[in-house]
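The values are calculated or read from the model by the stated rules, or taken from the named source; none is laboratory data. No experiment lies behind these values; they were computed from the predicted model shown. Using ideal geometry, Cβ is built from the backbone for each residue, glycine included, and neighbour counts are taken over all protein chains shown.
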Amino acid sequence: MGHKPAGRAVADKRMTAQQAAALVRDGDHVAIGGTLYSRTPMALVFALLRSRRRHLTVSRSLACYEIELFLSTGALDRVVTSWVGIGLPWGLAPIFRHYVERGEASYDEWSHLAMGLRYKAGAMGVPFLPTLTMLGSDLAAAVDLQTVSCPYTGQQLAAVPALNPDVALIHAHRADMFGNVQVDGYRHMDVDIARAARTVIVSAEQIVTPAEITARADQTMLPHFTVDAVVEAPHGAYPNECYGLYGPDLEHFDAYVASIREHGPAAGLRYVQQNIDAHPDFAAFLAAAGPGRLAALEAEARELMPQ
Amino acid sequence: MSDLTAEELMAITASRLLADDKVVFAGVGMPLLASGLARRTHAPRLTIVLEGGIIGTSLLPGKLPISTNEMRAAVGAQMLTDITDIFLYAQRGYFDYGFLGAAQVDMYGNINTSVIGSMAQPRVRLPGSGGANDIISLCNQVFIVTQHEPRRFVPRVDFITSPGYLSGGDSRVRAGLVGGSLGAVVTDLALLDFEPSSRRMRLRALQAGVTVAQVRAQTGFELLIDEVGELPPPSAQEVAIYRELRDGPARVAAGAA
């Protein structure tokens, strides 16, 4: 686990997604923020997929199709989460099944709360947290979950171990160049994931001035000394949604699932080649999706916001 | 209502179990529809909580979320927080009801959503617990809603993702699960519960027109059966509200034309 470096400098941390992805090393444990298809740091995920790292462990709260892409490029040895799917309408994730059922990748399954508390223990700097969940289940036995007796009452509790990722990837609405980070809407597990990690990479829809952060300090989710890298990434969660700004591109997922039906597990690598390798950067991928598509998703989000 | 689907029948039956002024921890799909229906019928002050961090969603008919973490899930919400925090409200005992589906459920209400076969050699690796293990461990009263089929109602689940009454009796409490309990199992054939001492599944009432023999034939283990009632069939109003919630007002109008 180890301690964090004692505070990061108040320095300009801006860099490109590709420069940030280079902070990830082979064999690292990378935690991905957001949940399922909401505020996932896709610009950073795509940059990491492009770099073709090997032997990664990826953890998330609920995992979506990005897990299949990491598996398809041979980057992933192990996924640590509570759920892997593409989303309710699309059923089981076939590429994930292909790799895990053949024993080519491991899936450490924890409950959703246990994942949250594992990150929280990591964020708190303690080795475990006691909880009343996961007790009695085969889930507990499968990950060798230990129990602990309360020293005051003797009550039996599950002791979920801290999870301290090597690198956290987080997408936010706004950040300044020093890494003061603000989000609107759900925070998912992002605060704990970032504070638990050794290295924190944040992409933001918009880089704002320090004064703009100060003007809305109550919205700040992470202070600058928790953050190592800041990447400007407008629409950086696409094809996932970003609260208040744009909805998820469900047709993009429809097309992905249709491609799996047609090509089987090879569809994962095809997707990476066509949507990541074929473009110089994430902006080019967005351009291929088309400004009309992005504008429609923005309109969809505006309709859902409280007036 | 002979044109009812199994899902509609189950959702309407489940919605009637939700009392006003309570808090329900719902998942997307049928649990959310059942909760929304209860709010629009007998329980207008029912608070719907979703694991993405949403407290008090009110739902847009025809635009229901397919993920508990997306913007559509937050329509009309009173509070947005984070995922871990929502589950800690459950652990504290604030949530009266929880709702779960099941790929497999056994006679003690244990649920498997992890693997068909074994973890070492899975025949089908399912998505996993998500919040299911937490909901059944922590919500005060949990309803299991699933279609009544022998492949789902098995003597013993392949893997206990979400603990019901484990091996029966007081085994659940002995495992340290001191909070939650299992309220009922709702199916397209019947309403069932768990007998208080053995904690085995017990037939309580039949859906309209269903026989005990039919229920037995669709259950892969022996049910406890004593007094069996009959559930009142869904009303036309419940069906209409349910379908409007699911499909939106336009499609209901189109269907009626």
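List of remarks:
- Members of the range B:1-35 found to be assigned to a helix (DSSP H, G or I) and of a type in the set (S, T, N, Q), listed by number: B:Thr13, B:Ser15, B:Ser35
- Single residue of A:Glu298, A:Glu262, A:Glu232, A:Glu241 found to be under 24 Å from B:Glu70 (Cα atoms) and more than 20 Å from the chain's Cα centre (by Cα): A:Glu298
- B:Ala26 meets the stated requirement of being touching a strand residue (DSSP E or B) at 6+ places or on another chain (Cβ under 7 Å), of a type in the set (Gly, Ala, Ser) and buried (at least 19 other Cβ atoms within 10 Å of the Cβ).
- Test result for B:Asp226, among the charged types (D, E, K, R), free of Cβ contacts under 8 Å to residues at least 40 places away in the same chain, exposed (fewer than 15 other Cβ atoms within 10 Å of the Cβ) and not in a loop (DSSP other than H, G, I, E, B): yes
- The range A:225-247, residues that are among the aliphatic types (A, V, I, L, M) and either outside the structural domain of A:Gln206 (by TED's automatic domain parsing) or part of a loop (DSSP other than H, G, I, E, B) (or both): A:Val227, A:Ala233, A:Ala237, A:Leu245
- Restricting the range B:20-35 to residues that are of a type outside the set (Val, Ile, Thr) and either touching a Gly at 6+ places or on another chain (Cβ under 9 Å) or at positive phi (or both), the residue that is nearest to the other protein chains (Cβ to nearest Cβ): B:Gly29
- Screening the range B:229-257 for residues that are hydrophobic (A, V, I, L, M, F, W, C) and at pLDDT 95 or above and picking the one that is surrounded by the fewest Cβ atoms within 10 Å (Cβ to Cβ) gives B:Ala236.
- Matching residues, the range A:76-104, being buried (at least 21 other Cβ atoms within 10 Å of the Cβ) and aliphatic (A, V, I, L, M): A:Leu76, A:Val79, A:Val80, A:Val84, A:Ile86, A:Ala93, A:Ile95
- Total residues in the range A:80-105, condition at the interface with another protein chain (Cβ under 10 Å from one of its Cβ atoms), aliphatic (A, V, I, L, M) and under 16 Å from the mean Cα position of the chain (by Cα): 2
- Exactly one residue among B:Arg152, B:Arg204, B:Arg199 is in contact (Cβ under 8 Å) with a residue 24 or more places away in the chain, more than 12 Å from chain A (Cβ to nearest Cβ) and more than 19 Å from A:Asp138 (Cβ to Cβ), and that residue is B:Arg204.
- Failed item, numbered, when B:Val173 is tested on (1) farther than 15 Å from A:Ala141 by Cα; (2) of a type outside the set (Lys, Arg); (3) in contact (Cβ under 8 Å) with a residue 40 or more places away in the chain: (3)
- Screening B:Asp134 against (1) surrounded by fewer than 24 Cβ atoms within 10 Å (Cβ to Cβ); (2) within 8 Å of chain A (Cβ to nearest Cβ); (3) charged (D, E, K, R) leaves a single unmet condition, (1).
- Scanning the range A:170-193 for residues that are of a type outside the set (S, T, N, Q), more than 12 Å from the chain's Cα centre (by Cα) and either in a strand (DSSP E or B) or more than 10 Å from every other protein chain (Cβ to nearest Cβ) (or both) turns up A:His173, A:Arg174, A:Ala175, A:Asp176, A:Met177, A:Phe178, A:Gly179, A:Val181, A:Val183.
- Any hit, the range A:200-211, residues being more than 17 Å from the chain's Cα centre (by Cα) and either part of a strand (DSSP E or B) or within 14 Å of another protein chain (Cβ to nearest Cβ) (or both): yes
- Flag if B:Tyr94 is crowded, with 24+ Cβ neighbours inside 10 Å and in a loop (DSSP other than H, G, I, E, B): no
- Hey, A:His29 in contact with a Pro (Cβ under 7 Å, 6 or more places away or on another chain), surrounded by fewer than 24 Cβ atoms within 10 Å (Cβ to Cβ) and away from every other protein chain (no Cβ under 14 Å) or not: yes
- Number of residues in the range B:77-91 that are more than 8 Å from chain A (Cβ to nearest Cβ) and not in a helix (DSSP H, G or I): the value is 3.
- One residue stands out in the range A:111-134 among those that are buried (at least 23 other Cβ atoms within 10 Å of the Cβ) and aliphatic (A, V, I, L, M): the one that is farthest from the other protein chains (Cβ to nearest Cβ), namely A:Ala121.
- As a summary of the residue check, A:Leu139 satisfies the conditions (1) in a loop (DSSP other than H, G, I, E, B); (2) facing chain B (nearest Cβ under 7 Å) except for the one numbered (1).
- Filtered residue count, the range B:36-71, keeping only those that are surrounded by fewer than 22 Cβ atoms within 10 Å (Cβ to Cβ), of a type in the set (D, E, K, R) and either in a strand (DSSP E or B) or at the interface with chain A (Cβ under 10 Å from one of its Cβ atoms) (or both): 1
- Some residue of the range B:164-176 being aromatic (Phe, Trp, Tyr) and touching a Lys or Arg at 6+ places or on another chain (Cβ under 8 Å): yes
- Matching entry among A:Asp144, A:Asp108 (being part of a strand (DSSP E or B) and more than 9 Å from chain B (Cβ to nearest Cβ)): A:Asp108
- So B:Ser118, is it within 11 Å of another protein chain (Cβ to nearest Cβ), in contact (Cβ under 8 Å) with a residue 40 or more places away in the chain, out of contact with any strand residue (DSSP E or B) (no Cβ under 7 Å at 6 or more places or on another chain) and surrounded by fewer than 24 Cβ atoms within 10 Å (Cβ to Cβ): yes
- Qualifying residue in the range B:160-168 (condition: among the small types (Gly, Ala, Ser), farther than 25 Å from B:Leu18 by Cβ and in contact (Cβ under 8 Å) with a residue 40 or more places away in the chain): yes
- Unique match (being at pLDDT 95 or above, within 14 Å of chain B (Cβ to nearest Cβ) and within 25 Å of A:Asp184 (Cβ to Cβ)) among A:Leu286, A:Leu297, A:Leu304: A:Leu297
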